[in-house]
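The values are calculated or read from the model by the stated rules, or taken from the named source; none is laboratory data. Because the structure is predicted, anything quoted here is derived from the model rather than measured. Neighbour counts are summed over all protein chains in view; Cβ atoms, including those assigned to glycine, are modelled from backbone coordinates with ideal geometry.
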Amino acid sequence: MAKKNGRQQQQASVREENKAATLKDLLNPDVVNKLKEQAAEMKRDEENRREQERMKAEEARRQEQKRLESSFEYLLDNSSQDWKKFK
């Protein structure tokens, strides 16, 4: 029994040492908070950039559709060729 208790205590102390050796524990809490804020800001910037790209692509698509709709050739190609309906 004494040997088991000794081994368990050694294993427990090794686990505690492994837990305490994380980077978060080694860094100053202010530095950790600054890093978290910076990561959140970078995520917001990335989301904003993606939204801007999406809006630009949508606007370009709208402009292209508007240009095509003002083209007589495009309208003629995409219209119904059955003129009997309009008699």
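Residues that are at pLDDT below 85 and of a type outside the set (A, V, I, L, M) number at least 2 in the following helices (runs of 4 or more DSSP H) confined to the chain: 2-20, 23-26, 72-78. Residues in region 40-85 that are small (Gly, Ala, Ser), surrounded by 10 or more Cβ atoms within 10 Å (Cβ to Cβ) and over 14 Å from the mean Cα position of the chain (by Cα): Ala57, Ala60, Ser71.
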